[in-house]
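Each value in this text was obtained by applying a stated rule to the coordinates, not by laboratory testing. Given the structure is predicted, the values throughout are model-derived calculations rather than measurements. Note: ideal-geometry Cβ built from the backbone for every residue, glycine included; neighbour counts use all protein chains shown.
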Amino acid sequence: MGVGIEVATLNAWYGTNHTLQDINLHIPPNHVTALIGPSGCGKSTFVRCLNRLHETNPIARVTGVVRIGDLDIYKDAKPVEIRRRVGMVFQRPNPFPTMSIYDNVAAGLKLNGYHNRRSLDEIVERSLKDSALWGEVKDDLKKKSGASLSGGQQQRLCIARALAVDPEVLLMDEPASALDPVSTSKIEDLIFQLKSQYTIVIVTHNMQQAARVAEKTGFFLNGRMVEFDSTHKIFTNPSDKRTEDYITGRFG
Amino acid sequence: MSRDEFKIRYNMRVLTDHTITALAILATLIVIAPLLLIFGQVIYKGASSLNLAFFIRSPKPVGEMGGGMANAILGSGIMLGVASAIGVPIGIGGGIFLAEFGRGTKFANAIRFTADVLNGVPSIVMGLAIYSLIVIPQHHFSALSGGVALGIMMIPTVCRTTEEMLLMVPHAVREAALGLGVPNWRSVLSITVKTASPGIITGCMLAFARVAGETAPLIFTALGNQFWSASLDQPIAALPLQIYVYALSPYDDWHRLAWAGSLVLIVLIVLAVSLVRFVTSRGVLKGAS
């Protein structure tokens, strides 16, 4: 099951660049939440703060509180534990190039010392079914490298890899921006199905995509969150002028 | 643009294209010509002296016909084994540190600089250094000191290629591992190093092939030996040393053996490199990167 995310006065920096300023937000469990905004507005930085990946950059810094379920992630836990509970799918498909399809999906478990063969088989199968890739790859699981798949398949492989560690939250940083329309619609269908099991936060450049998949939408601008509301409200009757300008294509 | 004008320009472009292609082919030929010449010469001069005795017998005293270089082949093998045991792990470990853990620190920059300097140290100087560090305290020449000299020469090449290859692994791949909750050290060893392994192996093979033909560092360390020896503690023969001694000798018979030795040395290096490539390139992963 997914859990809710509570963010309070979150600030983030890259060097001296104040990329996120006083973000306050409640992301409901088992919903899809979309984050939109022009390039460089801080939405990617924001999701990277939710699994503490932001701080892997030596010049990056974060302050504020992020609660995922009952866990205060900057206080009560190590980054490694959090990232096991908060899966992430990146903009460009990034399967491990030297691993087979099977090993890619099992990587998160194997690299954390989990080696029970039979349950690994089950988890790999279930994850690939959940990411709607099973039918296309089931005959080549151990024969083909993850890098030999098409771009859209690779991205679904990456989703399967993220699901295999059984996270509570799934972060997606523009998961379809490098994909063709058919693959994009597959990913969107998938997001729709996955929200019953996970809390999903998706960053997207594509406003139609946000409108199609998300119940909640947040609009970011210059490191601040301008507006956060139901997707319907944001796209039909936004309260902030800047949101309206962005939605109607006046900038960004 | 008129039709004629177009045709003239088109012909010019075709001509330029052909000229550049021809120059590129010529340059390629010039690059491979020395290799082919050396290989041809060595085969021409050396193949006729190769026989079973060459591989299973030790050298005969001057004046007696026959004999072989079995002791030198064994000696080279032993010393290269020692050298690889030193150079490969230390070099790879150093490269991993430079690329993954020490990036941007002063300490890492100092190490990188030292490695580059070490790479430029003439091999004869390396021999002298090991002579004073190992041979003098031990009071005798030994296979071990020869292996150590070659091993130290391998370190900078292995270290720097490992670093370069690791830096070529896309950032996205590292992030993918970290995003799964894999600890950094584990991600480095199981993901980054594994992804870069074809390049790292190439670096090791380059270093190996380079020191396999080194003579100078062995003169003051392994010394050479006309007799059969497999002891790490005794002076030992090596193919390059034996070739050096035989080629400088006044005897025709020894000259022929020197040619044969050169051929065997080159073939053994090629075999060793191919074997490692074959063993490490099997499985699903070969076409991967």
Under the rule of -39500 (n - 2.57) per DSSP H run of 4 or more residues, summed and divided by the residues of chain A, what mean residue ellipticity at 222 nm is obtained, to the nearest 500 deg cm²/dmol?
-10000 deg cm²/dmol
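Using only the alpha carbon atoms of the protein assembly as shown, find the Kirkwood hydrodynamic radius as the inverse mean reciprocal pair distance, in angstroms to one decimal. Write out the running numbers ahead of the final one.
On the way: mean 1/r = 0.0358 Å⁻¹.
One decimal place: 27.9 Å for the Kirkwood radius.
Given Cβ point charges of +1 (Lys, Arg) and -1 (Asp, Glu) and nothing else, what value in debye, to the nearest 20, does the dipole of the range A:1-72 about its Cα centre take? The partial results should precede the final answer.
Numbers: 5 positive and 5 negative charges, 43 e Å.
Taking the Cα centre of the range A:1-72 as origin, the dipole is about 200 debye.
Using the Cβ atoms and a cut-off under 15 Å, what net charge is assigned to the surroundings of B:Leu150, where Lys and Arg are +1 and Asp and Glu are -1? Don't jump to the answer; show the numbers that get you there.
Details: positive: B:Arg210; negative: B:Glu214.
So the surrounding residues net to 0.
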Could you work out how far helix B:106-120 tilts from the main Cα principal axis of chain B, as a 0 to 90 degree angle to the nearest 10?
60
Convert each backbone phi in the range B:198-208 into a coupling constant with the Karplus relation 6.51 cos²θ - 1.76 cosθ + 1.60 (shift: θ = phi - 60°), then list the ³J(HN,Hα) values in order as whole Hz, x for Gly and Pro.
x, x, 5, 5, 4, x, 4, 5, 4, 4, 4
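Looking at the protein assembly as shown, what % of its DSSP beta bridges pair antiparallel, to the nearest 5? Can you show the working numbers first?
Numbers: 25 of 43 bridges.
Rounded to the nearest five, the antiparallel share is 60 percent.
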Share of antiparallel DSSP beta bridges in the range A:107-252, in percent to the nearest 5?
55
Taking chain B as a Gaussian network, where each spring joins two C-alpha atoms under 10 Å apart, which residue of B:Leu36, B:Leu23, B:Leu241 fluctuates the most?
B:Leu23
What percent of all Cα-Cα pairs in the range B:3-49 falls in each 5 Å bin, counting up from 0?
4, 19, 12, 11, 11, 9, 8, 7, 6, 5, 4, 3, 1, 0
Within 10 Å of each Cβ of A:175-182, how many other protein chain Cβ atoms are there on average?
0
Tally Lys/Arg at +1 and Asp/Glu at -1 over every other residue whose Cβ is under 12 Å from the Cβ of A:Ser131; what's the total?
+1
Taking Cα atoms, how many degrees apart are the long axis of helix B:70-96 and the longest axis of chain B, rounded to 10 and kept between 0 and 90?
40
Where in the range B:147-191 is the amide nitrogen less than 20 Å from a point lying 7 Å along the Cα-to-Cβ axis of B:Phe113?
B:156-157, B:159-161, B:163-164
